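The values are calculated or read from the model by the stated rules, or taken from the named source; none is laboratory data. What you are looking at is a predicted structure, and each value in this text was computed from that prediction instead of being measured. Please note: Cβ atoms are built from the backbone with ideal geometry, for glycine as well, and neighbour counts cover all protein chains shown. All accessible areas refer to the heavy atoms of the entire protein, side chains included, with ligands and DNA or RNA removed. Shrake-Rupley method; radii C 1.70, N 1.55, O 1.52, S 1.80 Å.
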Amino acid sequence: MYQETSKLLLYSNLGEDSILLKLAEVYRDWEARSCDRSTLIHRIYVEIKALLDLSTRYGFNENLWQNYLTFVLVTNENSFSLTAERVGAGEGSVNHFAKADLEIFHRLFHYDFSPLERDLGIDCFTTITHYHALVKLEKHYYRAVSEKVQALSRELAAAPDGDAMFILVTDFYRAYGVGMFGLNRAFRIRNEGPGVEFLPINNTDKVMLSDLVGYELQKKQLVENTEAFVRGRPANNVLLYGDAGTGKSSSVKALINEYYDSGLRMIEIYKHQFRDLSAVIAAVKGRNYRFIIYIDDLSFEENEVEYKFLKAVIEGGVESRPDNILIYATSNRRHLIKETWSDRNDMEFENDIHRSDTMEEKLSLAARFGVAINYSIPSRQEFQTIVKTLAARQLDGQLDEAELLAQANRWELRHGGISGRTAQQFINHLAGKESPDQ
C-alpha cells in the first residue's frame, strides 16, 4: 500500500492526518518488520476509529473503505479536480496524470488486507469492508453527502479499471463539483485565525418555492433574478423587506433547493462577520459555482457602522464584486437603518454637522440592492387561503373548513396576528395533537 500511495501525483496532497497515508505507513513498517506487533495493531485501530468516526458523521455503509476512498476523490481539491469542476474533463495533458492516479485508486479499492490480518490476528478490515451501519436520524449526519458518496462508491467499485473510474469521477465533478462546495448546499463561516473557514450546514431547510402559499409576484421576481444569475447573465443583489413571518427567509432558503443542481450555493453570514466579507469573496471568486451571500434580518441601529463594510462590498470598493457572487438580504425595514427625528434635522448647530448627509449615507445602502421585493402581511382572505392550503397538505381533512378557520382566527389573535408563519404554527399545532381515534 505504501508503494501505491507514494506514486500518487495529483491526489498526493491528502494531509498529514490522512487515514490513507497513516495506514500506508503502517504497511511500510509491517513489511519492513521495523515495528512490533502490538504497536502496529494500536496504530491500525487508531485509523480504524478515525474511519468509523468519519463514516458515522457522513452516514457511510456497506464498504467503509471504498466509501472513504470515494470521499477522498470527491473532496480533494487539486489542479485537475478544480479544472474539471462543473465542466468535466477537457483534453489537456493533465488527464494523463489523473488517469494514472485513478489506476492507483482502482487497486486501492480492491486491496487485499487478508495477509496483514492473518499475520496480526485481527479482522477489522474484513469488518469495515462488510459493514452494516446502525440506522441514524437524518439530523445526525450529512445525508446529502452520504447519498452522493455511496452512490459513486458503488459505481467505482464496479469499474473495471482506472480509465473507467476517470470517466465516473469527472462526470461527478461536472455534475456537482469538488470539495465541500461540491457536496453541500449552504455554509456558515468561522474566523479563528488566518482566513475564513467554511462550515457546511448539515441539514438545510427542505422548503421549495411551491411550498410557500401566495406571494406569487414576489416569488416570480426572485426566480427571474436568480435564474439569470445561475445562467451567467447580469443579475442584481436582492433585498426582501416587509412584515415579519411573511416568508422572506423561506423564499431565499428555497432557492438553494431549486437551483443546487445548477451550481447555486449559499453562504450565510451575520452582521458581526461583515469584516470578513472580503475574505469570503476572495475564497470563492475563482470557483465554478454561483454563490449567494445570505444575510437574514439585516438592520442597523443608529450608532452601528458595520453597514459601511457591506456597502463597500456591494458596490464602491476598489475591487469589483465577482460575477459569481450576489448578496441577498432580508429585513423588516425598507431602508435597513433605523432613522431618528434628529437625522431629519439638517443641522446640529453645536457641532456644525449636516445630519441630512449622515442620513443619506445610511439610506444609500438600501439603494445598492438592485431588486427590492416587498412582503407585506396577508389580508384576512389570503390568511385563510394559506391555512386551508397548509391544512390540505398536513391534516388529511381532520376538521371541516368552518371549524378550521374558526380555530385559525382564535389562534392568530393569541399568537402574533395574521401571517404565513402564524398559519404554519397553527397547522403544526393541530398536526401535533393526537387524532380522536388514537
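Side notes on the structure shown:
- Counting the residues of segment 25-40 that are surrounded by fewer than 11 Cβ atoms within 10 Å (Cβ to Cβ), of a type in the set (Lys, Arg) and in a helix (DSSP H, G or I) gives 0.
- Any hit, segment 208-222, residues being of a type in the set (Asp, Glu) and closer than 27 Å to Phe309 by Cα: no
- Members of segment 200-222 found to be of a type in the set (A, V, I, L, M) and in contact (Cβ under 8 Å) with a residue 24 or more places away in the chain, listed by number: Ile201, Val207, Met208, Leu209, Leu212, Val213, Leu222
For (1) within 20 Å of Phe60 (Cβ to Cβ); (2) aliphatic (A, V, I, L, M), each residue gets a yes or a no:
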position: Leu152; (1), (2): yes, yes
position: Leu156; (1), (2): yes, yes
position: Phe166; (1), (2): no, no
position: Thr170; (1), (2): no, no
position: Val178; (1), (2): yes, yes
position: Gly182; (1), (2): yes, no
position: Pro194; (1), (2): no, no
position: Ser210; (1), (2): no, no
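- Restricted to segment 371-404, and to residues there that are farther than 26 Å from Lys219 by Cα, touching a helix residue (DSSP H, G or I) at 6+ places or on another chain (Cβ under 8 Å) and of a type in the set (A, V, I, L, M, F, W, C), the residue that is least open to solvent (accessible area, probe 1.4 Å) is Leu404.
- When residues of segment 219-248 are limited to those that are among the small types (Gly, Ala, Ser) and at pLDDT below 90, the one farthest from Gln424 (Cα to Cα): Gly242
- Taking the listed residues Lys7, Lys49, Lys22, the one that is open to solvent by 80 Å² or more (accessible area, probe 1.4 Å) and in contact (Cβ under 8 Å) with a residue 12 or more places away in the chain is Lys7, with no other qualifying.
- Listed by position, the helices (runs of 4 or more DSSP H) inside segment 78-131 whose residues that are over 27 Å from Leu40 (Cβ atoms) number at least 2 are 79-84, 94-109.
- Among the conditions (1) over 18 Å from Ile292 (Cα atoms); (2) assigned to a loop (DSSP other than H, G, I, E, B); (3) free of Cβ contacts under 8 Å to residues at least 60 places away in the same chain; (4) in contact with a helix residue (DSSP H, G or I) (Cβ under 9 Å, 6 or more places away or on another chain), Gly193 misses just one, which is (4).
- Checking Asn61 against (1) surrounded by fewer than 19 Cβ atoms within 10 Å (Cβ to Cβ); (2) free of Cβ contacts under 8 Å to residues at least 60 places away in the same chain, the condition it does not meet: (2)
- Leading residue by the ranking (farthest from Pro378 (Cα to Cα)) among those in segment 166-213 that are open to solvent by 30 Å² or more (accessible area, probe 1.4 Å) and small (Gly, Ala, Ser): Gly193
- Taking the criterion of being within 25 Å of the chain's Cα centre (by Cα) and part of a loop (DSSP other than H, G, I, E, B), the residues of segment 149-181 that qualify are Gly177, Val178.
- Top-ranked residue of segment 412-421 - restricted to ones that are open to solvent by less than 30 Å² (accessible area, probe 1.4 Å) and farther than 15 Å from Gln394 by Cβ, ranked as nearest to the chain's Cα centre (by Cα): Ser419
- Qualifying residues in segment 73-88 (those that are open to solvent by less than 50 Å² (accessible area, probe 1.4 Å) and farther than 17 Å from Leu152 by Cα) - the one nearest to the chain's Cα centre (by Cα): Asn78
A quick yes/no check of all residues on (1) free of Cβ contacts under 8 Å to residues at least 12 places away in the same chain; (2) surrounded by fewer than 20 Cβ atoms within 10 Å (Cβ to Cβ); (3) of a type in the set (Gly, Ala, Ser); (4) out of contact with any strand residue (DSSP E or B) (no Cβ under 9 Å at 6 or more places or on another chain):
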residue	(1), (2), (3), (4)
Glu227	no, yes, no, yes
Asn237	no, no, no, no
Leu240	no, no, no, no
Ser251	no, no, yes, no
Ala254	no, no, yes, yes
Gly263	no, no, yes, no
Glu268	no, yes, no, no
Lys308	yes, yes, no, yes
Lys311	no, yes, no, yes
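- Some residue of segment 41-48 being over 22 Å from Asn13 (Cα atoms) and of a type in the set (Ser, Thr, Tyr): yes
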